[in-house]
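*Asks:* The structure that follows is given in the form of structure tokens.
The values are calculated or read from the model by the stated rules, or taken from the named source; none is laboratory data. This structure is a prediction, so every number in the text was calculated from the model and none was measured. With ideal geometry, Cβ positions are generated from the backbone for all residues, glycine too; neighbour counts draw on all protein chains shown.
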Amino acid sequence: MRIRARLDRLTREWIRRRQGPDREAVTLRRGRIYILPTRLGAAFGLMLFAMLLGSLNYANNLGLALTFLLAALGVAAMHACHRNLEALVARAAGAEPPFAGNDAVFRLAISNPGRAPRCDLEAVTTGTAHAPMSVAAGDESVFTLRVPTRRRGSVVLDRIEVATRFPYGLFRAWAVLHPAMHCLVYPRPAADSPMPPQSPGLAGGGTRRRGEDDFAGLKDYHPGDPPRHIAWKAFARSNELLVKEFSGDAEALPVFDLDDVPGPELEARLSVLARWIVDAHARGMTFGLRLPGEEIPPEPGDAQRRRCLAAIARFDAPAPDVA
Amino acid sequence: MRLPPMSPEREAGFRRLAWTTAGLVAALGPHLLRLQLWVSAFVLAACAWRLVAERRGWPMPSALVRGLIAAGVTVGVVLGYSTITGLDGGTALLALMSALKLLETRNARDHTVLIFIGWFLCLASFFYAQDVATAAWVLPTVWLLAAALLVVSRRGAEGPALPPFRTTGTMLLKAVPVALVLFMFFPRIAGSFWGAPSAERALTGLTEEMSPGDISDLTLNDVVAFRVRFSGNPPPPPQRYWRGPVLNEFDGYTWYRGQVQSIYRPKVAHRGAPVDYAVTLEPTGQQMLFALDMVENWTSGFAQQSWDFGLRTRKPVNAVIRYDARSYPTYRAGEYLSAALRNLSLQLPHSRNPRTVELALGMRGAAASDAAFIQAVLNLFREQEFYYTLTPPGLARDSVDDFMFNTRQGFCGHYASAFTTMMRAAGIPARVVGGYQGGDWNPVGGYLIVRQSHAHAWSEVWLSGEGWRRVDPTGAVAPERIERGIEASFAESDLLPGGLMRDSPLFWQANMLWDNLNAQWNDLIVQFDRTAQDELLLNLGFDDPGWQAFATALGIGLAVATGLLALWLAFEFRPRRTDPAAMAYRRFVGRLARRGIERTVGETPRDFAKRVRRLRPDLGTPALAITETYLRLRYEPAPTAADLQVLRALVAHFRP
């Protein structure tokens, strides 16, 4: 078993050396598709060998013909298995950041530029695999890979195998991708932590909010934007919901500050911040974030939640975990 | 009773099981009638039960029950077949094991084991017969089993519904060139890796012993024993004596080949023109070969001629073999007979068949010479109330006495046995010769078919100054048997096989065509041996068909065949012709990507265009125009060429 693990590691390193890192979209060309018989294929080979010996021994020509036909079927299956991967285009298609402890979801899009459907493709990475899926001719399918996370920061998906055993399961062809896909891992929100009082005076936590004094332009509507700011005239023109933005003095809005969170543990304090951000967003509030060296002005909406969570995920982050 | 519909998973499971079971039953097909009835019944019942159980969701039998069944059937095979290693016992065991495996089939691996067993059963049916009919059954079976493997090896739940039979069919077609090359150039070996193939399988045909009634049983069998192709004209029917086993030892009831053998081959002098021919012998499980009397030359290294002029191979004939031979119908053989062999040819069991011995001694005393005595015995058969019949009554322990004085109804074996006994009793060395007499001429292929129904037995006597002379006592009772064949002697009888066939010219014709097909098949495929391979290599221009020639031919052939396979696959998997609108749109997307605006997965063209407009208001108008034109080209029922030109022009001028 140790030898096998070592062999496996050496193979992986060799493949990484000869292929180098991958860019966004990778066409699976012949040079990067590997193929070996499966256990079933080995058993099939043994069966053929026994049939060959029997037929030769008894000088049975039809037995030989049967053996050779099956052997040739195996060869055809090998070629077909290899072809089943060839010329596919694999593309990293983003990832969904999780809270630490949940699974990061990486997406790999595989498109089939050929005329034949590609059957039973698998995307495999250490400890996780997407169920086999087929990609119709000219179509694209998205494989999701769920990678468990332990801690805040980020996780890197460094190696994906796109594999297939189609047809017959006698051979397994695979291609190795080194996409270096990153996914942020948000701190796990602390259990119930009351938000700081919303007062502008709070440790200078207030900031100028864009007021309603001077019209500054139009921006996309986000849920939570006050309806009276919607540019109805623009909507009538273009069917797009836009809201008017104003600049000017306004009342101070909460800005969550790391320094406001007591405690000795950075991670625990970040978790409290995460809790506040999640709760504030859930309530449809407008909020900002201040970390040492980074400030995010108050905004409402999903994008703001993402931005803030990403900022605390990145803040003084440990080295990424490699999946 | 209506069954509730199955869940999709159970339906998929049922489908897999149905495919595997179908393949297995097809593979069992040729064996079902050959296997003992209980084996066939058990296997079929297991298949049926398993399908019903899967459909209704019954539980599988427990390990204990399965173990008990396994033990039971193994004991059954040992009792029924007395061995588990022979072809019959092995096939029975394989069939039973497949049935048992079926009772515990759950995952894909169990299914693949069943499919592999199915392929082995296909191989086993070729060990029984290599004729056209078997091949015609096995090929679709192999196909079906491979399709079943495709079904059980599918891993994706969804995906394109590939018809398994068709997909596997095209795969097999792609495989055919490789298989052909392997078949043609994979060197056949002479001899075998392990011991001589076991000969205990029950093959119809002559054996090296003969009891009363043996040959008449054989005569009911229409199976082909061998086919003969003559280089010239075939000899006339009365000369078509195909010598087989020569029987020297008699125990009063049964004739045996005997233990005493001599490698000494008496001299043969022949006169007249020889007959040259090639025999394609179906498997006999015996060591003897058949040749016209008197054979002089035969394919060297194949067989040896023993002192009784019979040809014997070193190993039992368990596959179709072919040999060339030259015979002289007119001959004088073995003028000198050693004392030991003379004694052997005079042996009679002590105090058996006393009345016959007494009769012979009396008749010899009355006859002037050995030749006159022989004639007297033949006259006895001819003139007294002796009947030639296919259904002779059973005989007592002293079979010759019982036949000569009680039943007086017999087939060729009875007459040969009685005649030889009388000769020996009178002091004339004699023996029984088994073989075939006659044959059906196949006008379609121009060859002679010798069937089991042509089995015959006659006598040979040794006369001083002349040597061994063939005497056929059956000729005295039923001369038409020798002149015109077995059918002529029993024209009224329905007992002979193929009675209907022989009466109807159409059936006769069809039968001859079918037999000719089998003969060609034998010559081309079944008999494709090392000699034929050497010839093929010589024809292909190799000077010396040694291993280098084989390696070269195999290498080049495989390269060409796999090349064809790869080409076919490359054609199947060729890229789609991209439509020009998509290409233009892709250029547009590419240009934006270089400016940092990338289209994300799943973003529709319209959404993308809106995003472009937001990010780069200056590009909004052309981006929207390109997108709308593109969408019109893609989704309008009848896109116009003008639209395509507009799209191309827009994209050409789009410089972000």
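*Asks:* Out of B:133, B:124, report the one residue that is more than 7 Å from chain A (Cβ to nearest Cβ) and either surrounded by fewer than 16 Cβ atoms within 10 Å (Cβ to Cβ) or acidic (Asp, Glu) (or both). Quick ask: steps written out before the conclusion?
*Replies:* Working: B:124 fails: either surrounded by fewer than 16 Cβ atoms within 10 Å (Cβ to Cβ) or acidic (Asp, Glu) (or both).
Only one candidate qualifies: B:133.
*Asks:* It is to be established whether one or more residues within the stretch B:357-367 are among the β-branched types (Val, Ile, Thr) and more than 19 Å from residue B:209 (Cα to Cα). Walk me through it before giving the result.
*Replies:* Step one: list which residues in the stretch B:357-367 are among the β-branched types (Val, Ile, Thr), which gives B:357.
If we keep only those that are more than 19 Å from residue B:209 (Cα to Cα) as well, we get B:357.
The answer is yes, given that some residue of the stretch B:357-367 is among the β-branched types (Val, Ile, Thr) and more than 19 Å from residue B:209 (Cα to Cα).
*Asks:* While we're here: Residue B:588: more than 14 Å from every other protein chain (Cβ to nearest Cβ), free of Cβ contacts under 8 Å to residues at least 24 places away in the same chain, in a helix (DSSP H, G or I) and within 30 Å of residue B:643 (Cβ to Cβ), yes or no? Working first, answer last.
*Replies:* Working: more than 14 Å from every other protein chain (Cβ to nearest Cβ): yes; free of Cβ contacts under 8 Å to residues at least 24 places away in the same chain: no; in a helix (DSSP H, G or I): yes; within 30 Å of residue B:643 (Cβ to Cβ): yes.
Taking the combined requirement at face value, the residue does not satisfy it.
*Asks:* Okay, next question. Tell me, which strands (runs of 3 or more DSSP E) wholly within the stretch A:103-143 include 1 or more residues that are at the interface with chain B (Cβ under 7 Å from one of its Cβ atoms), of a type outside the set (Lys, Arg) and within 20 Å of the chain's Cα centre (by Cα)? Steps first, answer last, please.
*Replies:* On the way: elements: A:103-111, A:118-125, A:128-135.
Here the list reads A:103-111, A:128-135.
*Asks:* When you scan the stretch B:376-397, how many residues do you find that are more than 23 Å from residue B:460 (Cβ to Cβ) and not small (Gly, Ala, Ser)?
*Replies:* So the first thing to find is which residues in the stretch B:376-397 are more than 23 Å from residue B:460 (Cβ to Cβ), and the list is B:383-385, B:387, B:389-391, B:393-394, B:396-397.
With not small (Gly, Ala, Ser) added as a condition, the list becomes B:383-385, B:387, B:389-391, B:393, B:397.
Counting residues in the stretch B:376-397 that are more than 23 Å from residue B:460 (Cβ to Cβ) and not small (Gly, Ala, Ser) gives 9.
For (1) of a type outside the set (A, V, I, L, M); (2) closer than 30 Å to residue B:330 by Cα; (3) at pLDDT below 90, each residue gets a yes or a no:
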{"residue": "B:183", "(1), (2), (3)": "yes, no, no"}
{"residue": "B:205", "(1), (2), (3)": "yes, yes, yes"}
{"residue": "B:239", "(1), (2), (3)": "yes, yes, yes"}
{"residue": "B:253", "(1), (2), (3)": "yes, no, yes"}
{"residue": "B:266", "(1), (2), (3)": "yes, yes, yes"}
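*Asks:* Select, from B:376, B:303, B:291, the only residue that is crowded, with 20+ Cβ neighbours inside 10 Å, away from chain A (no Cβ under 14 Å) and without any contact (Cβ under 8 Å) to a residue 24 or more places away in the chain.
*Replies:* It is B:303.
*Asks:* While we're on this one: Let me spell it out: the conditions are (1) at pLDDT below 90; (2) in contact with an Asp or Glu (Cβ under 9 Å, 6 or more places away or on another chain), and residue B:434 meets all of them except one. Which number is the exception?
*Replies:* Only one criterion in (1) at pLDDT below 90; (2) in contact with an Asp or Glu (Cβ under 9 Å, 6 or more places away or on another chain) is unmet by residue B:434, namely (1).
*Asks:* For residue A:318, indicate whether it is in contact with an Asp or Glu (Cβ under 7 Å, 6 or more places away or on another chain) and either under 13 Å from residue A:188 (Cα atoms) or of a type outside the set (Val, Ile, Thr) (or both). Show your work before the answer.
*Replies:* Details: in contact with an Asp or Glu (Cβ under 7 Å, 6 or more places away or on another chain): no; either under 13 Å from residue A:188 (Cα atoms) or of a type outside the set (Val, Ile, Thr) (or both): yes.
No; evaluated as a whole, the condition is false for this residue.
*Asks:* Residue A:47 - would you say it is aliphatic (A, V, I, L, M), touching a Ser or Thr at 6+ places or on another chain (Cβ under 6 Å), under 20 Å from residue B:148 (Cβ atoms) and within 12 Å of another protein chain (Cβ to nearest Cβ)? Before you say what the answer is, go through the steps one by one.
*Replies:* Details: aliphatic (A, V, I, L, M): yes; touching a Ser or Thr at 6+ places or on another chain (Cβ under 6 Å): no; under 20 Å from residue B:148 (Cβ atoms): yes; within 12 Å of another protein chain (Cβ to nearest Cβ): yes.
Against the criterion (aliphatic (A, V, I, L, M), touching a Ser or Thr at 6+ places or on another chain (Cβ under 6 Å), under 20 Å from residue B:148 (Cβ atoms) and within 12 Å of another protein chain (Cβ to nearest Cβ)), residue A:47 does not qualify.
*Asks:* So, in the stretch A:84-93, of the ones that are outside any helix (DSSP H, G or I) and touching a Phe, Trp or Tyr at 6+ places or on another chain (Cβ under 8 Å), which residue ends up farthest from the other protein chains (Cβ to nearest Cβ)? Full working, then the answer.
*Replies:* From the stretch A:84-93, those outside any helix (DSSP H, G or I) are A:86-93; that's our starting set.
Next, only the ones that are touching a Phe, Trp or Tyr at 6+ places or on another chain (Cβ under 8 Å) stay: A:86-87, A:92.
Values: A:86: 7, A:87: 7, A:92: 9 Å.
Filtering the stretch A:84-93 for residues that are outside any helix (DSSP H, G or I) and touching a Phe, Trp or Tyr at 6+ places or on another chain (Cβ under 8 Å), the one farthest from the other protein chains (Cβ to nearest Cβ) comes out as A:92.
*Asks:* Sticking with this one: Could you tell me whether residue B:573 is over 25 Å from residue A:109 (Cβ atoms) and under 60 Å from the mean Cα position of the chain (by Cα)?
*Replies:* no
*Asks:* Right, something else. List the number of the failed condition for residue A:99; all other conditions in (1) more than 27 Å from the chain's Cα centre (by Cα); (2) surrounded by fewer than 20 Cβ atoms within 10 Å (Cβ to Cβ) hold.
*Replies:* Every listed condition holds for residue A:99 apart from (1).
*Asks:* Which residues, taken from the stretch A:10-23, are farther than 16 Å from residue A:174 by Cα and either modelled with pLDDT of 80 or more or in a helix (DSSP H, G or I) (or both)?
*Replies:* Within the stretch A:10-23, A:10, A:17 qualify.
*Asks:* Could you identify the single residue in B:624, B:631 that is over 20 Å from residue A:89 (Cα atoms) and within 14 Å of another protein chain (Cβ to nearest Cβ)?
*Replies:* Working: B:631 fails: within 14 Å of another protein chain (Cβ to nearest Cβ).
Every option except B:624 fails the conditions.
*Asks:* Could you list, in sequence order, the residues of the stretch B:541-585 that are more than 30 Å from residue B:643 (Cβ to Cβ), surrounded by 15 or more Cβ atoms within 10 Å (Cβ to Cβ), of a type in the set (A, V, I, L, M) and more than 12 Å from chain A (Cβ to nearest Cβ)?
*Replies:* B:549, B:553 - these are the residues of the stretch B:541-585 that are more than 30 Å from residue B:643 (Cβ to Cβ), surrounded by 15 or more Cβ atoms within 10 Å (Cβ to Cβ), of a type in the set (A, V, I, L, M) and more than 12 Å from chain A (Cβ to nearest Cβ).
*Asks:* Now for a separate question. Please go through the stretch B:570-615 and pick out each residue that is among the hydroxyl-bearing types (Ser, Thr, Tyr) and farther than 17 Å from residue B:630 by Cα.
*Replies:* If we filter the stretch B:570-615 for residues that are among the hydroxyl-bearing types (Ser, Thr, Tyr), which is where we start, we get B:578, B:585, B:600, B:604.
Correct list: B:600 only.
*Asks:* Scan (1) in contact with a helix residue (DSSP H, G or I) (Cβ under 6 Å, 6 or more places away or on another chain); (2) assigned to a loop (DSSP other than H, G, I, E, B); (3) closer than 17 Å to residue B:451 by Cβ for the single condition residue B:280 breaks and write down its number.
*Replies:* Among (1) in contact with a helix residue (DSSP H, G or I) (Cβ under 6 Å, 6 or more places away or on another chain); (2) assigned to a loop (DSSP other than H, G, I, E, B); (3) closer than 17 Å to residue B:451 by Cβ, residue B:280 violates only (2).
*Asks:* Could you tell me whether residue B:114 is crowded, with 23+ Cβ neighbours inside 10 Å, part of a helix (DSSP H, G or I) and more than 9 Å from chain A (Cβ to nearest Cβ)?
*Replies:* On the way: crowded, with 23+ Cβ neighbours inside 10 Å: yes; part of a helix (DSSP H, G or I): yes; more than 9 Å from chain A (Cβ to nearest Cβ): yes.
Criteria met by residue B:114.
*Asks:* Among the residues that make up the stretch A:162-182, is at least one of them within 12 Å of chain B (Cβ to nearest Cβ), surrounded by fewer than 20 Cβ atoms within 10 Å (Cβ to Cβ) and of a type outside the set (Ser, Thr, Tyr)? Quick ask: steps written out before the conclusion?
*Replies:* Within the stretch A:162-182, the subset within 12 Å of chain B (Cβ to nearest Cβ) is A:163-172.
Restricting the remaining residues to those that are surrounded by fewer than 20 Cβ atoms within 10 Å (Cβ to Cβ) gives none.
Scanning the stretch A:162-182, I find no residue that is within 12 Å of chain B (Cβ to nearest Cβ), surrounded by fewer than 20 Cβ atoms within 10 Å (Cβ to Cβ) and of a type outside the set (Ser, Thr, Tyr), so the answer is no.
*Asks:* Can you work out which of the residues in the stretch B:86-111 that are in contact (Cβ under 8 Å) with a residue 60 or more places away in the chain and under 19 Å from residue B:41 (Cβ atoms) is nearest to the other protein chains (Cβ to nearest Cβ)?
*Replies:* Step one: list which residues in the stretch B:86-111 are in contact (Cβ under 8 Å) with a residue 60 or more places away in the chain, which gives B:86-88, B:91, B:95, B:98, B:102, B:105, B:108, B:111.
From what's left, under 19 Å from residue B:41 (Cβ atoms): B:88, B:91, B:95, B:98, B:102.
Values: B:88: 15, B:91: 13, B:95: 17, B:98: 14, B:102: 18 Å.
So the residue we want is B:91.
One line per residue, one yes/no per condition, for (1) out of contact with any strand residue (DSSP E or B) (no Cβ under 7 Å at 6 or more places or on another chain); (2) modelled with pLDDT of 95 or more; (3) in the same structural domain as residue A:164 (by TED's automatic domain parsing):
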site: A:50; (1), (2), (3): yes, no, yes
site: A:54; (1), (2), (3): yes, no, yes
site: A:58; (1), (2), (3): yes, no, yes
site: A:67; (1), (2), (3): yes, yes, yes
site: A:83; (1), (2), (3): yes, no, yes
site: A:88; (1), (2), (3): no, no, yes
site: A:93; (1), (2), (3): no, no, yes
site: A:97; (1), (2), (3): no, no, yes
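*Asks:* Applying the selection to the stretch A:144-168, what residues are in a loop (DSSP other than H, G, I, E, B), in contact with a Lys or Arg (Cβ under 8 Å, 6 or more places away or on another chain), closer than 26 Å to residue B:174 by Cβ and not aromatic (Phe, Trp, Tyr)? Even if it seems obvious, please write down each step before you answer.
*Replies:* Start the filter on the stretch A:144-168 by keeping residues that are in a loop (DSSP other than H, G, I, E, B), which leaves A:149-152, A:158-159, A:165-168.
Applying the additional criterion that residues be in contact with a Lys or Arg (Cβ under 8 Å, 6 or more places away or on another chain) yields A:152, A:159, A:165-166.
Still in the running and closer than 26 Å to residue B:174 by Cβ: A:165-166.
Hit for the stretch A:144-168 is A:165, nothing else.
Rundown of residues vs (1) facing chain B (nearest Cβ under 7 Å); (2) of a type outside the set (Val, Ile, Thr); (3) assigned to a helix (DSSP H, G or I); (4) crowded, with 22+ Cβ neighbours inside 10 Å, yes/no style:
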| position | (1), (2), (3), (4) |
| --- | --- |
| A:31 | no, yes, yes, no |
| A:34 | no, yes, no, no |
| A:41 | no, yes, yes, no |
| A:51 | yes, yes, yes, yes |
| A:56 | yes, yes, yes, no |
| A:65 | yes, yes, yes, yes |
| A:71 | yes, yes, yes, no |
| A:82 | no, yes, yes, no |
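*Asks:* Based on this model, can you work out whether residue B:445 counts as surrounded by fewer than 22 Cβ atoms within 10 Å (Cβ to Cβ) and at positive phi? Can you show your working first?
*Replies:* Values: surrounded by fewer than 22 Cβ atoms within 10 Å (Cβ to Cβ): yes; at positive phi: no.
For residue B:445, the condition - surrounded by fewer than 22 Cβ atoms within 10 Å (Cβ to Cβ) and at positive phi - is not met.
*Asks:* Just name the residue that is nearest to residue A:91 (Cα to Cα) out of those in the stretch B:595-614 that are in contact (Cβ under 8 Å) with a residue 24 or more places away in the chain and surrounded by fewer than 17 Cβ atoms within 10 Å (Cβ to Cβ). Please lay out each step first, then the result.
*Replies:* The initial filter retains those residues of the stretch B:595-614 that are in contact (Cβ under 8 Å) with a residue 24 or more places away in the chain, namely B:595, B:597, B:605-606.
Then keep just the ones that are surrounded by fewer than 17 Cβ atoms within 10 Å (Cβ to Cβ); that gives B:595, B:606.
On the way: B:595: 19, B:606: 22 Å.
My answer is B:595.
*Asks:* Within the stretch B:118-136, work out how many residues are within 24 Å of residue B:516 (Cα to Cα), assigned to a helix (DSSP H, G or I) and out of contact with any Gly (no Cβ under 6 Å at 6 or more places or on another chain). Can you show your working first?
*Replies:* Quick first cut of the stretch B:118-136, residues within 24 Å of residue B:516 (Cα to Cα) only: B:125-136.
Pick out the ones that are also assigned to a helix (DSSP H, G or I) and you get B:125-128, B:132-136.
This time we only want the ones that are out of contact with any Gly (no Cβ under 6 Å at 6 or more places or on another chain), so: B:125, B:127-128, B:132-136.
So the count comes out to 8.
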